Amino acid sequence: MVSPNPIASLCFSSLLLTLLLCVAGVTSSSPSYNATKIGQGYRLLSIEETPDGGLVGFLQVNKKTSIYGSDIPLLRFFVKHETDDRLRVHITDANKQRWEVPYNLLPREQPPALSQTIGRSRKNKEPITVSEYSGSELLFSYTSDPFSFKVKRKSNGDTLFDTSSDASDPFSSLVFKDQYLEISTKLPKDASLYGLGENTQPHGIKLYPSDPYTLYTTDISAINLNADLYGSHPVYMDLRNAGGKAFAHAVLLLNSNGMDVFYKGTSLTYKIIGGVFDFYFFSGPSPLKVVDQYTQLIGRPAPMPYWSFGFHQCRWGYHNLSVIEEVVDSYKKAQIPLDVIWNDDDHMDGKKDFSINPVNYPLPKLLEFLDKIHRIGMKYVVINDPGIAVNNSYGVYQRGLANDVFIKYDGEPFLAQVWPGAVNFPDFLNPKTVDWWADEIRRFHELVPIDGLWIDMNEVSNFCSGKCKIPKGKQCPTGTGPGWICCLDCKNITKTRWDDPPYKINASGIQAPVGYKTIATSAVHYNGVLEYDAHSLFGFSESIATHKGLQGIAGKRPFILSRSTFVGSGKYVAHWTGDNQGTWENLRYSISTMLNFGIFGVPMVGSDICGFYPQPTEELCNRWIEVGAFYPFSRDHANYYSPRQELYQWDSVAESARNALGIRYKILPYLYTLNYEAHVSGAPIARPLFFSFPTYTECYGLSTQFLLGSGLMISPVLEQGKTQVKALFPPGSWYSLLDLTSTITSKDGIYVTLDAPLHVVNVHLYQNTILPMQQGGLISKDARMTPFSLVIPFPAGATEGEAKGNLFLDDDELAEMTLGNGYSTYVDFHATVKQGAVKVWSEVQEGKFALDKGWFIESVTVLGLDGSGALSSLEIDGKPLVGASNVKVSVSEHVHLDGQENGEKKTVMVALKGLNLYVGKNFAVNWKMG
């Protein structure tokens, strides 16, 4: 279950939301996307070095203006090169502590306390004469009046961020009011920008000038284009190509308040309704380095259990236990892989968290079912919404009241309505709430041995607005009709400036009030924190609490799926992209959103396969599983009101699912190794092509293909009625994973039209990328125990070449994903070809775990070899192979599709089978070609 109903297009369509807001007296005038002169800026009073090597300075307003409130007269800015590749610029009120993202939620270095620097500005010596502050790669410089600053890249002198205005692109100088902050930067026309989410971007992954970018966590469905959705990630990556050399950097504005970001192509302007300017600049210069540096600050992505890379099935509307039993059996009968069965709120008693419906999901039978699926390696995940039902006979609520864990309004728990009716929302900024929540998870797990939690509706979603009370003399909810219609007695809240701020962000795409259908922004959290400031942090803070609760259960690695996310959420949770539609457009949009979240440090991401509502056509569901089988998080999920759409419901979809998921389950070792790489370096699992080909500008805006890791490319059909797909192949050699003898090679990159019948998805492996695979299966537990194979692609016809790959294996029940614990193995694979000699070898770290599991490599297949491929000699670990060996050698000639640029030169594939090489032990295979 996700958000309100299909009639409202899942979570209030733009049309219906507009009508509702009109009823509430809200206008829907569109904001101006042009920067407007708001103030006269600030001038520098003083600046000096800090003991820790930073700079601290003071700024005084030049001339106060009244629009959006009065200017804060004196600001303090702090600048520091925190690492060789990260620069921080922090600007706040010099006289008063302002709201910032809490340092205990997102641990990071704190700037000097105001008490250490306050009052120095007017008494201080003259400003230091040096106007540049240099680090290893980034250079900070400033202009005194009006104050502006630049950030440059030292290696090439490129200006990355420039807040100075000029006549060619006028925008306001720095504006800093209590409820309105504005700052802008100039941009070169050829800069390609990515990020600023979460939103559904109709133009693809690359930011599009004049599209609106509003950041404020909101429960409106993903079908709404260019609107603020469930997450807030105020970070962008900027990729530039200078003379054939690519340079990427990123800019994070760490601020949890609502904001509009106006991107005009030659400038970018932030308009924020509170908090501080807290900028972080990451120097890159490669896209992978940028994400590495970004996640070093915000937290490395959480390690995911192996089973989570299997296929997941969910539906809102599995009314009783017999239905999910039938679903599991039907997947097995259809021979479609399935690892995880999910329950939406159907298992709950009266839609209450941490409860079981005694009629539809009788506990003894549920436990019997879970024991059955757990024995074969399948898993079970259930939903959990943050709203706790106001019910005096409900233990979770009683314990919450006793521990004083709820967000307050006028000294009482804030009353809202979600699925169970009247609810209170936990305040996860309160340490007591975190402990209470962990205890409730423990209690529920003792009742039902779940394998993960799905935390939903945590933007926060509320079916009502304003100050509400439970009506007297009528049932609420009624138990009939739509459950998402507000039935509490409510009145608007307009008495504070927090409920009606002077600047209206473009919330929900129509300037909806910031407290509309959520917690009132004047509600109060722990230590007096206002919802106005902390709103977009709710899902993030709940993720941290949920992670702590699950990790406390037997020390296992948590799996959590969260709808609402913020900067740093990837350290704790996976994400799905929310309520989408079963349309071709939504299939295309899903790729851009997935790729964005890799940049945001949330690599475990996917969309509802085949769409949440309404039911897709049979053809669309065929094509969607051919994309969704390669989402990092792969789940079919449908709405209560939709017809059933499990993958076995259509024979044709079942065939496509067997094919596409068949590939997925064979490459699970590769996906799981990417999971490890994400955990240690932030590297996205699914990536835009420009991550591997940053100098190839043709792929900068490409949003219809994507990479898994550095070298596995997915080129799906995304249009109705098509049986071919026009795919871009960057320079080099690519080999079809469906037919390793089929190759495409080009010197400068090329578009190729590929055949793609209904049940076929094109997957290609790039040269020099060693791909570890297994033989697949219907459950990942079984698939991961099958023999391994290595696929080694060299550039087609190369007389010299080098290929590399790696493999991480561990006990995925352990909380930590690391080497050196006795329950993990890491292998580097290498291969070379030189003057007719081929060598394949491994370097193993911590081999005991893999040896104890008995994993072995059964085959090695080398692609793109020059000549006939006939072997004149073959050695394994230095020993020549004799004729009685079980090793079988086969040679096949490659078929070159369009783009071949090596003339008629013959290239071949050589496959060695029956090797029996242990994964946990170093090996070397050598042969010479005749």
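The values are calculated or read from the model by the stated rules, or taken from the named source; none is laboratory data. These numbers come from a predicted model, not from an experiment. Note that each Cβ is placed from the backbone with ideal geometry, even for glycine, and that neighbours are counted across all protein chains shown. Note: accessible area is taken over every heavy atom of the protein model, side chains too, but ligands, DNA and RNA are not part of it. Shrake-Rupley method; radii C 1.70, N 1.55, O 1.52, S 1.80 Å.
Summed over the range 542-600, the residues that are open to solvent by 10 Å² or more (accessible area, probe 1.4 Å) and among the charged types (D, E, K, R) give a count of 6.
Has the range 616-625 got any residue that is of a type in the set (Val, Ile, Thr), crowded, with 24+ Cβ neighbours inside 10 Å and in contact (Cβ under 8 Å) with a residue 40 or more places away in the chain? For the range 616-625, residues of a type in the set (Val, Ile, Thr), crowded, with 24+ Cβ neighbours inside 10 Å and in contact (Cβ under 8 Å) with a residue 40 or more places away in the chain: absent. Only residues that are touching a Phe, Trp or Tyr at 6+ places or on another chain (Cβ under 9 Å), open to solvent by 20 Å² or more (accessible area, probe 1.4 Å) and either under 25 Å from His830 (Cβ atoms) or assigned to a loop (DSSP other than H, G, I, E, B) (or both) were counted in the range 726-743, giving 2.
As a summary of the residue check, Phe612 satisfies the conditions (1) assigned to a helix (DSSP H, G or I); (2) crowded, with 24+ Cβ neighbours inside 10 Å except for the one numbered (1).
The residue of the range 295-324 that is least open to solvent (accessible area, probe 1.4 Å), among those that are assigned to a loop (DSSP other than H, G, I, E, B) and either under 23 Å from Pro364 (Cβ atoms) or among the polar types (S, T, N, Q) (or both), is Tyr318.
Would you mind stating whether Thr818 is assigned to a loop (DSSP other than H, G, I, E, B) and modelled with pLDDT of 95 or more?
Yes.
Among the residues of the range 243-261, those identified as open to solvent by 10 Å² or more (accessible area, probe 1.4 Å) and modelled with pLDDT of 95 or more are Lys245, Ala246, Phe247. Among the residues of this structure, Ser868 counts as one that is over 30 Å from Leu647 (Cβ atoms), hydroxyl-bearing (Ser, Thr, Tyr) and open to solvent by 50 Å² or more (accessible area, probe 1.4 Å).
Against the definition (assigned to a strand (DSSP E or B), of a type outside the set (Asp, Glu) and either touching a strand residue (DSSP E or B) at 6+ places or on another chain (Cβ under 6 Å) or open to solvent by 10 Å² or more (accessible area, probe 1.4 Å) (or both)), how does Val359 come out, yes or no? Give the steps one after another, and end with the answer.
Numbers: assigned to a strand (DSSP E or B): no; of a type outside the set (Asp, Glu): yes; either touching a strand residue (DSSP E or B) at 6+ places or on another chain (Cβ under 6 Å) or open to solvent by 10 Å² or more (accessible area, probe 1.4 Å) (or both): yes.
No; evaluated as a whole, the condition is false for this residue.
Of the residues that make up the range 694-703, is at least one out of contact with any strand residue (DSSP E or B) (no Cβ under 8 Å at 6 or more places or on another chain) and either outside any helix (DSSP H, G or I) or buried (at least 24 other Cβ atoms within 10 Å of the Cβ) (or both)? Yes, the range 694-703 contains a residue that is out of contact with any strand residue (DSSP E or B) (no Cβ under 8 Å at 6 or more places or on another chain) and either outside any helix (DSSP H, G or I) or buried (at least 24 other Cβ atoms within 10 Å of the Cβ) (or both).
Using the structure shown, decide if Val862 is surrounded by 15 or more Cβ atoms within 10 Å (Cβ to Cβ), in contact (Cβ under 8 Å) with a residue 60 or more places away in the chain and more than 30 Å from Leu728 (Cβ to Cβ). No. Restricting attention to the range 495-532, the residues that are surrounded by fewer than 24 Cβ atoms within 10 Å (Cβ to Cβ), touching a Lys or Arg at 6+ places or on another chain (Cβ under 7 Å) and either within 19 Å of Asn255 (Cα to Cα) or of a type in the set (A, V, I, L, M, F, W, C) (or both) total 2.
Restricting Gly701, Gly662, Gly611 to those that are touching a residue at least 12 places away in the same chain (Cβ under 8 Å), within 30 Å of Phe247 (Cβ to Cβ) and not polar (S, T, N, Q) reduces the list to Gly701. All told, Val514 falls short of being part of a loop (DSSP other than H, G, I, E, B) and under 30 Å from Glu446 (Cα atoms).
For Val327, the criteria (1) assigned to a helix (DSSP H, G or I); (2) under 30 Å from Tyr213 (Cβ atoms); (3) among the β-branched types (Val, Ile, Thr) hold in every case but one, which is (2). Among the residues of the range 160-182, those that are over 23 Å from Lys206 (Cβ atoms) and of a type outside the set (Ser, Thr, Tyr) comprise Asp166, Ala167, Pro170, Leu174, Val175, Phe176, Lys177, Asp178, Gln179, Leu181, Glu182.
Taking the criterion of being over 21 Å from Ala246 (Cα atoms), part of a strand (DSSP E or B), basic (Lys, Arg) and open to solvent by 10 Å² or more (accessible area, probe 1.4 Å), would at least one residue in the range 708-723 satisfy it? So far as the range 708-723 goes, no, none of its residues is over 21 Å from Ala246 (Cα atoms), part of a strand (DSSP E or B), basic (Lys, Arg) and open to solvent by 10 Å² or more (accessible area, probe 1.4 Å).
Give me the strands (runs of 3 or more DSSP E) completely within the range 744-808, filtered to those with at least 3 residues that are modelled with pLDDT of 95 or more and either acidic (Asp, Glu) or out of contact with any helix residue (DSSP H, G or I) (no Cβ under 9 Å at 6 or more places or on another chain) (or both), ordered by residue number.
Per the criteria, 750-755, 762-766, 788-793.
Restricting to the range 224-256, what's the tally of residues that are closer than 18 Å to Met457 by Cα and more than 18 Å from the chain's Cα centre (by Cα)? Here the count works out to 1. Scoring Ser564 on the criteria (1) touching a Ser or Thr at 6+ places or on another chain (Cβ under 6 Å); (2) more than 23 Å from Val251 (Cα to Cα); (3) not in a helix (DSSP H, G or I) leaves a single failure, condition (2).
Among the residues in the range 376-387, are any open to solvent by 50 Å² or more (accessible area, probe 1.4 Å) and either in a helix (DSSP H, G or I) or without any contact (Cβ under 8 Å) to a residue 12 or more places away in the chain (or both)? No - not one qualifying residue is present in the range 376-387.
Within the range 810-833, at least one residue is of a type in the set (A, V, I, L, M, F, W, C), within 29 Å of the chain's Cα centre (by Cα) and open to solvent by 40 Å² or more (accessible area, probe 1.4 Å).
Yes/no matrix, rows are residues, columns are (1) buried (at least 23 other Cβ atoms within 10 Å of the Cβ); (2) without any contact (Cβ under 8 Å) to a residue 60 or more places away in the chain; (3) in contact with a helix residue (DSSP H, G or I) (Cβ under 8 Å, 6 or more places away or on another chain):
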{"site": "Ser393", "(1), (2), (3)": "no, yes, no"}
{"site": "Asn403", "(1), (2), (3)": "no, yes, yes"}
{"site": "Gln417", "(1), (2), (3)": "yes, no, no"}
{"site": "Pro426", "(1), (2), (3)": "yes, no, yes"}
{"site": "Leu429", "(1), (2), (3)": "no, no, yes"}
{"site": "Thr433", "(1), (2), (3)": "yes, no, yes"}
{"site": "Trp437", "(1), (2), (3)": "yes, no, yes"}
{"site": "Glu440", "(1), (2), (3)": "no, no, yes"}
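If you check Asp84, Asp52 for being of a type in the set (Asp, Glu) and modelled with pLDDT of 95 or more, only one passes: Asp84. Taken as a whole, the structure leaves Pro787 outside the set of residues that are without any contact (Cβ under 8 Å) to a residue 40 or more places away in the chain, touching a Ser or Thr at 6+ places or on another chain (Cβ under 9 Å) and over 26 Å from Ser868 (Cα atoms). Of all residues in the range 165-198, those satisfying the criterion of being closer than 19 Å to Asp238 by Cα and open to solvent by 20 Å² or more (accessible area, probe 1.4 Å) are Lys186, Pro188, Lys189, Asp190.
Taking Tyr631 as meeting all but one of (1) in contact (Cβ under 8 Å) with a residue 60 or more places away in the chain; (2) part of a loop (DSSP other than H, G, I, E, B); (3) within 15 Å of the chain's Cα centre (by Cα), write down the number of the exception. Of everything listed in (1) in contact (Cβ under 8 Å) with a residue 60 or more places away in the chain; (2) part of a loop (DSSP other than H, G, I, E, B); (3) within 15 Å of the chain's Cα centre (by Cα), Tyr631 misses just condition (1).
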